[in-house]
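*Asks:* One structure, pasted below without further comment.
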Amino acid sequence: MRRADRLFQIVQLIRGRRLSTAAFLAERLEVSPRTIYRDVADLQHQGVPIEGEAGVGYRLGAGFELPPLMFTQGEANALVAAARLAQSWLDAGLAREVEGALGKILSVLPPAARVAAEAQALYAPPVGLDARAQVTLQVLREAVHSCHVVQIDYADVHGRPSLRRLRPLGCFYWGKVWTLSAWCELRNDFRGFRIDRIVAVAVLEERFRQEPGKTLADLLRKVEGERERWAAERAEAPGAGHSDG
C-alpha cells in the first residue's frame, strides 16, 4: 500500500470509531505501531485534527470532513448482498432505512459498477419474519434504545402463558429466530425470550437506569463465564482426551 493511501485509510478508520488504538490501526493496515505513530504525527502536522496520543488511542476532532468516498466493486457487492439479506429479517422500520441507505450507496457508483452490484445472483426471498413478529421486533428494539420497561405476554415452548415485566437489553438474531435478552423482574435474573412467541407487548412509561449487575455487558460476561466453565468441565471429564481409534 502506498503511504498516501495508508494515511487516507488511517483517517477513515479513526473517524469511523470512537477511539482507535495504534495496535488496532497497525493490525488493520498490516504495519508496525511505530509506523502508525509516525503517520499520525505527520497527519497532525498537516492539520488533520486527530486527538489523543500513543498508548491511549486516537479520535478525530469535530468539523473535519473528507470528500465523498468511492466504494470499490467488491465493497459495493458486499453492501448490496448484506442489504438484501438484512431486509428479509429486520422489522419494517429498519428495512426501510436499509433500502434508503442502499439507494444512496448505489447512487455514488459509476454506472457499470452499479449494474454489476445489482446484478449479483444473491437474493433473500421474503420468507423471513411474519408481520406480527416484525412489529414486535421494532417495538422492542426501540424500547432497548430508550430504556423503557416493557410488559409481555409470553408463551413458552409448551404453550404455557406468562406475564413478564422486563428491562429489554438487546435483540439477537440466531438465523431464522430473533430473541430478546432482558432483565426479568419476575425471576430477578437475566432471561431470553423468542420474539415469535411473544403474544403481546406493551411499552410502559417507566424507564430504567443501567444498574451494575443488570446490564447487557453483565449478561455477556455471565454467558462467557458459563461457556468457559462448561469447556473446562468437558476437558476434565473422563474420556475427553483425544482417541487413537
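*Asks:* If you roll a 1.4 angstrom probe over the protein chains with everything in place, what fraction of the accessible area of the chain belongs to carbon and sulfur, to the nearest %?
*Replies:* Using a 1.4 Å probe with all protein chains present, the chain comes out at 55 percent carbon and sulfur.
*Asks:* Along Cα→Cβ, 7 Å out, is where each label goes; now give me the distance between the ones at Arg59 and Leu163 in nm to one decimal.
*Replies:* Each label point is offset 7 Å from its Cα along the Cβ direction, giving 4.4 nm.
*Asks:* On to the next question. Counting other C-beta atoms within 10 Å, and keeping those with at most 16, which DSSP coil GluC sites (Glu not before Pro) do you find in the stretch 153-245?
*Replies:* Glu185
*Asks:* Can you classify the stretch 126-245 as rounded, prolate or oblate using the Cα gyration tensor, where a ≥ b ≥ c are the square roots of its eigenvalues, rounded means a/c under 1.5, and otherwise it's prolate if a/b beats b/c and oblate if not?
*Replies:* Note, shape of the stretch 126-245 comes out prolate.
*Asks:* Here are a few candidate values for Kirkwood radius over Cα pairs in Å: (1) 18.4; (2) 19.2; (3) 22.3. Which one was actually calculated from the structure I just gave you?
*Replies:* Answer label, from the structure shown: (3).
*Asks:* Write down the accessible area per residue of the chain in Å², having rolled a 1.4 Å probe over the full set of protein chains.
*Replies:* That works out to 64 Å² per residue.
*Asks:* To the nearest µm²/s, what D does Stokes-Einstein give for the stretch 84-167 at 25 °C and 0.890 mPa s, using the Kirkwood radius over alpha carbon pairs as Rh?
*Replies:* Translational D for this selection: 157 µm²/s.
*Asks:* Here is a further query. Under 14 Å between alpha carbons, and skipping anything fewer than 8 positions from Lys214 in its own chain: which aspartates and glutamates qualify?
*Replies:* Leaving aside aspartates and glutamates fewer than 8 places away in the same chain, those within reach of Lys214 are Glu185, Asp189.
*Asks:* Moving to a separate point now. How much FRET efficiency would the formula 1/(1 + (r/R0)^6) give for Glu206 and Tyr173, where r is the Cβ-Cβ distance and R0 is 30 Å, rounded to 0.05?
*Replies:* 0.65
*Asks:* Sticking with this one: Just flag the trypsin sites (Lys or Arg not before Pro) in the stretch 161-206 sitting in loop per DSSP whose Cβ has no more than 15 other Cβ atoms within 10 Å.
*Replies:* Taking the stretch 161-206 and a limit of 15 other Cβ atoms within 10 Å, the loop trypsin sites (Lys or Arg not before Pro) found are Lys176, Arg187.
The values are calculated or read from the model by the stated rules, or taken from the named source; none is laboratory data. Bear in mind that the values here come from a model prediction, so they are computed numbers and not experimental data. Every residue, glycine as well, gets a Cβ built from its backbone with ideal geometry; the counts of neighbours run over all protein chains shown. Accessible surface areas use protein heavy atoms only, side chains included; no ligands, DNA or RNA. Shrake-Rupley method; radii C 1.70, N 1.55, O 1.52, S 1.80 Å.
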